[in-house]
Every structure is written in structure tokens, then in C-alpha cells.
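The values are calculated or read from the model by the stated rules, or taken from the named source; none is laboratory data. On a predicted model such as this, the values are computed, not experimentally measured, just so you know. Positions of Cβ are backbone-derived with ideal geometry, glycine not excepted, and every protein chain shown enters the neighbour counts.
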Amino acid sequence: MKLKIAALLIGASFGVAGMAQAAGEIVIKFSHVVSPDTPKGKAAEYFKKLAEERTHGKVKVQVYPNSQLYKDKEELEALQLGAVQMLAPSLAKFGPLGVKEFEVFDLPYVFDNYDEVNKVMHGAIGKQLLGKLESKGIKGLAYWDNGFKNFSSNKPIRTPADLKGMKIRIQSSKVLEEEMRSVGALPQVMAFSEVYQALQTGVVDGTELEASNLYTSKAYEVQKNLTLTQHGFLGYAVIVNKKFWDGLPADVRTQLDGAIADASKYANDIAKKENDRSLAAIKASGKTQVYTPTAAERAAFKKAMLPVHTKMADRIGPDLLKAIYKETGFNPNN
């Protein structure tokens, strides 16, 4: 751990120095853990394009995909230390940071579609949640959609009982751990960059991933079955080091705010299309059998997982849960 901290601090010193490069050029290191071909990867590149154009070269954005700089657990620490300036982590990452309210997005079946997700993320509730990051030295700028998660494995999954005893890779989230236990699965917290090899070698038996990340990581190549349970949503928050952001010239910050707004619209416009495209490619590959549950089968998964809402209410906050239920029309008893 000490060596990792030291490495991050060295990186931070270079990051600060980057702001003073020739001709006042400001460098923003944007690190993320997925492929450039994912919705997040494409949106990061689009932000880079807009930021550099609109600041007329004052800002240089360096995008590092595929965990080139940091893995899941490391990237938030790197941001807080200033080793990188910008991230777009999945919302599950903020629970371990101490902002447990974000784990509401990990609840099973809390959202039925993108419209319900966006009512919460891009409304007053989402804005309030981003504000809670400031005490951690983080400025929340926007939310980016990805998609709904499905279970993959090397054996068919048709009922919750089929998951019993299976080692399923999850992100670090108490809600996701409880979700796996609700169906008898064994939660395995693991960095995204390690998933393919873990599946290939049998360290884990399966995943809960959206189609875009399952496809671009090639994890589908080592999973014979994919069941479209659509049991949870995975989205991202675009965040920056608060000290860095507050220290930018006002005109540059305004230009970057505009670039983030337009990149976010782009990200949210392409997310569903990219996931649909990835799912079609997985089907076409012939390597993974894709199964769509019947209405009764989906209802069985939902019934098995709904107790997670009650068990996690105190951790997330009962008032926040009620506000989201009201916004989406979700009935926790059905």
C-alpha cells in the first residue's frame, strides 16, 4: 500500500507540473477502465475533441482507457491525490469511498428503462448526490448512461436457483454483495481488467455485465451463456479533482463545462444503441447462447432479489429510497 501511495504521489507531482507546460497549456489526464469502443470510451474521446477545440489549445486532454494507468480500486485514490484530473467511474465506486447513497443505483430492478434512470440521475436527486462528493475533494460534473446488466456463465441460467453456489464477479458494493446472496450466488469483488482471465481460468464462474462491456472486453468468448435478466443498471459519474477544477481560469472552466454538457448528451444518446449493437454482435459470434427470460421467469428473479431493497434501506437512506420510488413509480412490494 505504501508503495502504491508513493507511486500515486509521484504521478500527482507530474500532474501538477503538467498544468504549467509550454504556452500555459493545461493537461487533463482522463483515466478509465473500459475499452475505447464502449459508450464511456467514445464519450471520453468526444469530450477530448470538444475541450481542445473550444479552449483553442489551452487544454490538452489525455485519455487513458483499459486501466492503462489505474485499476478500479486505484483510480479514485489517484484522482484525490491529483495523479489524474478526471474520471468517469461507475456509480458503485462511491460506496467504498464513503458516499453510500450512490449504492441506490445498484439495487436490483429499481429501474425498468432508461427513462426512469434519467429521471433520477439527471434530476434533483442526481444533482444532490453529486454534491455529496465535494467533501471527498471531488467535483461531480455529469452522469453518463451505460446499460442494464445481465448474467453470463458457462451453464444456462433460467431461474434464480441456477445461480446457487456460482462465483459471480461484481464491483465493490455492499448492495451488489447482498444481491448475489439473495439468489445463492457467491459474490467475488474483482477489478474489471481482471475479469476475462478470471473467467477463462475458472477463478469466477460468471459475471453481471451490460452487453457493451461484455462484448468489448471479449468476456463473452469465455462465457457460453448469457441470460437477459436486465436486473440492474450501470451508469457513470464524470468527476474531477476539485482543487484542480477550482484552480482553472474562469473562462477555461466555462468552456469545459460546455464541453462536458455536450459530451454527456452524446454519451446518453449512444448508450442504448451501443449496447444493442454489442448484444447483436455477441449473438452473431455464435460463441454465446443468448436467452431472453419469459415474463414469469423475469418475475421470479425480481421476487428473489426484491428483499435486497429492505435489507439495504438503512445503509442507503430510507428517505432517498422513497424519493426514487416516487420518481419512478417503483413498487417495492411488487
How many residues, within the stretch 283-302, are closer than 18 Å to Asp162 by Cβ and in contact (Cβ under 8 Å) with a residue 40 or more places away in the chain?
11
Does the stretch 84-105 hold any residues that are aliphatic (A, V, I, L, M), outside any helix (DSSP H, G or I) and under 17 Å from the mean Cα position of the chain (by Cα), and which are they?
Met86, Leu87, Ala88, Val99
Using beta carbons and a limit of 6 Å, which pairs, at least six apart or on different chains, have the first residue in the stretch 310-321 and farther than 16 Å from Gly98 by Cβ and the second one at pLDDT 95 or above and surrounded by fewer than 18 Cβ atoms within 10 Å (Cβ to Cβ)?
Leu321/Ala313
Where Gly202 falls short, out of the listed (1) at pLDDT 95 or above; (2) within 28 Å of Lys273 (Cα to Cα); (3) loosely packed, with under 15 Cβ neighbours inside 10 Å; (4) not polar (S, T, N, Q)
(2)
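Kindly establish whether Ala191 is buried (at least 19 other Cβ atoms within 10 Å of the Cβ) and either touching a helix residue (DSSP H, G or I) at 6+ places or on another chain (Cβ under 9 Å) or among the hydrophobic types (A, V, I, L, M, F, W, C) (or both).
So Ala191 fails the test.
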Of all helices (runs of 4 or more DSSP H) fully inside the stretch 106-223, the set with 2 or more residues that are in contact with a Ser or Thr (Cβ under 8 Å, 6 or more places away or on another chain) is 114-121, 195-201, 211-216
Taking the conditions exactly as written (surrounded by fewer than 23 Cβ atoms within 10 Å (Cβ to Cβ) and of a type in the set (Gly, Ala, Ser)), does Gly123 satisfy them or not?
yes
Candidates Ala280, Ala296, filtered to the one that is more than 21 Å from the chain's Cα centre (by Cα), surrounded by fewer than 13 Cβ atoms within 10 Å (Cβ to Cβ), among the small types (Gly, Ala, Ser) and part of a helix (DSSP H, G or I)
Ala296
Counting only residues in the stretch 114-145 that are polar (S, T, N, Q) and modelled with pLDDT of 95 or more, the one nearest to Leu320 (Cα to Cα) is identified as Gln128
Please work out if Val59 is over 23 Å from Val33 (Cα atoms), at pLDDT 95 or above and surrounded by 18 or more Cβ atoms within 10 Å (Cβ to Cβ).
no
Quick check on the stretch 140-161: of everything there that is of a type in the set (Ser, Thr, Tyr) and surrounded by fewer than 23 Cβ atoms within 10 Å (Cβ to Cβ), which residue is farthest from Ala44 (Cα to Cα)?
Thr159
